[in-house]
Structures are given as structure tokens and as C-alpha cells.
1. Please work out how much length the chain gains when fully extended from CYS335 to ALA2, using 0.36 nm per residue of separation minus the C-alpha to C-alpha distance, in nm with one decimal.
2. Where q = 0.11, 0.18, 0.23, 0.26 Å⁻¹, what log10 of I(q)/I(0) comes from the Debye formula for the stretch 75-138, counting one point per Cα?
3. For the stretch 184-337, with only Lys/Arg (+1) and Asp/Glu (-1) charged at the beta-carbon, what is the dipole magnitude about the Cα centre, in debye rounded to 20?
4. For an R0 of 30 angstrom, estimate the FRET efficiency from the Cβ-Cβ distance between ASP228 and ARG290 and round to the nearest 0.05.
5. Apply the Karplus curve 6.51 cos²θ - 1.76 cosθ + 1.60, θ = phi - 60°, to the phi angles in the stretch 325-338 and return the couplings in whole Hz, x for Gly and Pro.
6. Dipole of the chain, Cα-centred, from +1 at each Lys and Arg C-beta and -1 at each Asp and Glu C-beta, to the nearest 20 debye?
7. With each pseudo-label sitting 7 Å past Cα toward Cβ, what's the ASN85-LYS24 distance in nm, one decimal?
8. As I understand it, the dipole of the chain uses +1 on the Cβ of Lys and Arg and -1 on the Cβ of Asp and Glu, about the Cα centre. Which of SER56, SER40, TYR191 lies farthest toward its positive end?
Amino acid sequence: MAKVLVVGAGPVGLTCAIELVRQKHDVIIIEQNATREHISKAIGINAKTLQLLEASDVSPRLVAAGIPIQKVHLHYSPQKEICINLKKLPSRYNFMLSLPQDKTEEILEHRLNELGIKVQRETQLKQLHQSNDKVTATIETVGKTQEITVDFLVGADGAHSIVRKQLGQEFVGVTYPERWNLADVRMDWKYDAKDGHGFITAPGLIGVVLPIGPDRYRLVANHPNALDILPKPYNIHEIIWQSDFSINCRVVKNYQVGRVFLAGDAAHIHTPVGGRGMNLGMEDVCVLARLLTEGGWENYNKLRHPIGKKVVHMTSQFYNVFALKNPLAIKLRNCILFPLMRLPFVQKKQVKEIVGL
Ligand SMILES: Cc1cc2nc3c(=O)[nH]c(=O)nc-3n(C[C@H](O)[C@H](O)[C@H](O)COP(=O)(O)OP(=O)(O)OC[C@H]3O[C@@H](n4cnc5c(N)ncnc54)[C@H](O)[C@@H]3O)c2cc1C
């Protein structure tokens, strides 16, 4: 079995370490931060991810902690909506699980600890070199530098990945000009608290509201204040967290150079439409762990790069359609495309694509 260094203990690095340990590899996982972040960035866990995490016994723990969302309503005018029904998904996880990312990471790290591995915190990858059969990494723990030699290295070190930079890999794509805003709030409003809702409130303006706890919701919008996209009446009791972010759509040219692999945000980033980001990364490392165990790791890029590219393209297309500004294009979308999405076979195909099945 192989000795593997995983760089980064976000959801993707933690999943990678669990899968590798479970398949009897010798794993070191390092993380530059002293503690886990307590912010709830990604909140949607999809059916594909839950299927993949069954083998490590993580899925039941996630499901027990989260909220299953079975219906998502897309309100594209004050009177018109499409209801996307996830109940019909061909999976026993026929829902999108809503769980804040910090809770997902807590569950993953707890499982990793049960499997006998601790995250080496305050430890940063500085440099890496590789030969035909080894990778040597220079790491620094609170001012102390050391070199470690492993068979493989996985860069799960996020969008600003040092592993990607050390490999000299271009992150090909674009940055969208507009700022997005998210807010976690406690509120009551007129809609069903179990369902997700998307709103196109004005040409080019979109927002999403998802339940994340009792009376607690995540609002996201391509607008300076996510609260402004809420249709009245509503009653906000508390704004728990509010933050701005910008959107990049990028895929790395190669997911792999020799014995060094990229996964998660280090390899691909895209719009939050469809909630694939974290899920796609967790999927990357489940596939990689299997290739390292069963053989065929040389094919990791060939297998995962086209999927990453397709998802980045698909989520950009969804965003472009939802955020149309041209009045004629909006008319065509509302009169032809959206009604088509009500047809069961069209909806089934799209939903399967969105959740990665
Ligand atoms: C507002 C927002 C909402 C989102 N919503 C969703 C959603 O609903 N669904 C979804 O699927 N995705 C969503 N995403 C995306 C999701 O948060 C990311 O895709 C996910 O965090 C990627 O996980 P990761 O492990 O690849 O990277 P990260 O979570 O960025 O983790 C990388 C880790 O590597 C560490 N690190 C970096 N450099 C080094 C180094 N040199 N040495 C050691 N450690 C290092 C970092 O400290 C970090 O802990 C959202 C993102 C944002 C910002």
C-alpha cells in the first residue's frame, strides 16, 4: 500500500484521507490552520456524495445531522414557478441534504480520528519535488521546517492551491465581475420551511433561499444584499452571518502531474448554481483513492478532467440562463424553456445531471 501526503483538511482533504485510510494506505494529512473554520460555506450535499460516503459510514451521520430538501421551487415571475421534485431521483438519497460545511467537516474529521488519523495542524506545505517513484515535500510546522518523502501527494488545498502553483499549472477560466452576497438568517416567511426556493426577481437578478435549521435559512444572491431579493412578507429575527464573495469559473489544465494530484477547489471552481463545488471535489478523491488501491492512478486526469470541465460549463450555462437581461431572451426563456422544464422526462434528466448521478 502507498504512503500518501494529503495537503489541506477542508471537506475534500478530509474525505481523501478517510478513503485512503479505509483502503489501508499510510496517510499523513496536513492543514495550515490551527483550528477548523466555523463558517457554513457549502450547505448542499448531493445524492452521489452520500452514496460514495456510505462505505466509510459517514453518510448516515451526515443524514442524521442535516435537513433533507425534497422540493426546490423556481419562482421566475410573481405568479409563475417550476417545482423541481427530487423525490423522483433514482437513489435512496432522493433529496439534497442541507448541512452547513463546518458541521460536515466536523463529522468527517471525527470519522478520520476514529480510523486512527489526526490532522497535523499549523503545518503548511512550502515546496514539492518529484522523481519517477517518489514525492518530496517541504513542510513547516510553527517555524520548524522538515522534508518528508511519500509515494503520492494530493493537493486538496483550495482555490489558491500552492500545490497547483508548484506544478506550474494554469487555472484556466474567468472571474465574473459582479459581487455576490450570502446571509444566514433566522426568519419566518410565507413559504414552506422544508423546501428550497430560487427567485428571479428582476432581469439579471437571482437569489436562492434554503433551510439550514429550525427557522434558519441561507440566502444567496448576485446582489450586494441578499436580503433584498426576499419577496414580502417576511420577518427577519436575526442576521447570523453575512458575507460577500465573487465567482470564478476555472478548471486546471491537468489534474495530475506524475505522482501529484489536484482535487476539489484546487482543480475546479464555479458558480454556486446547482451546489456542485464541494460535492465534485469529494467525488474526485473517492475516485482517486480507488485508483490508488486498485491500480490505474495514471488515468486520474483522463477520468476526472472532462467531468470537472463539464460541470463548470453546465453551472455557467445555468447561471447565464437564470441571469438573462435581454428582454427578448427572457421572453423566450419564460415561454419556452421554463415550461419545458416542467415535463417530467426533461426534469428527471436535468436533476440527475445536477446531483451528479
Ligand atoms: C459562499 C459559498 C457557498 C458555497 N455553497 C456551496 C454549496 O452549496 N455546495 C457545494 O458543493 N459547494 C459550495 N461552495 C463551495 C465549497 O465551499 C468549496 O467547493 C469547498 O470548500 C471546497 O473544499 P476543498 O476541501 O477543496 O477546499 P477548502 O475548503 O478551501 O479547503 C482547503 C484547505 O487547505 C488548507 N491549505 C491551503 N493551503 C495549504 C498549505 N499550503 N498547506 C496546508 N494546508 C493548506 C486551507 O487552510 C483549507 O483548510 C460554496 C462556497 C462558497 C464560498
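The numbers here are math on the coordinates, done by the rules we state, and not lab data. Bear in mind the structure is a predicted one, so any value in this text is a computation, not a measurement. Note that each Cβ is placed from the backbone with ideal geometry, even for glycine, and that neighbours are counted across all protein chains shown.
1. Details: separation 333, 0.36 × 333 = 119.88 nm, distance 5.59 nm.
Gain in length upon complete extension: 114.3 nm.
2. For the stretch 75-138 at q = 0.11, 0.18, 0.23, 0.26 Å⁻¹, log10 I(q)/I(0) is -0.64, -0.93, -1.06, -1.08.
3. Working: 18 positive and 13 negative charges, 121 e Å.
With Lys and Arg at +1 and Asp and Glu at -1, about 580 debye.
4. Numbers: r = 45 Å, r/R0 = 1.51.
The pair ASP228/ARG290 has a calculated efficiency of 0.10.
5. So the Karplus estimates, Gly and Pro as x, are 10, 6, x, 5, 4, 5, 4, 4, 4, 6, 8, 10, 5, 5 Hz.
6. Working: 44 positive and 34 negative charges, 261 e Å.
Charge dipole, the chain, about its Cα centre: 1260 debye, nearest 20.
7. In this crude spin-label approximation the distance works out to 4.7 nm.
8. About the Cα centre, the residue reaching furthest to the positive side is TYR191.
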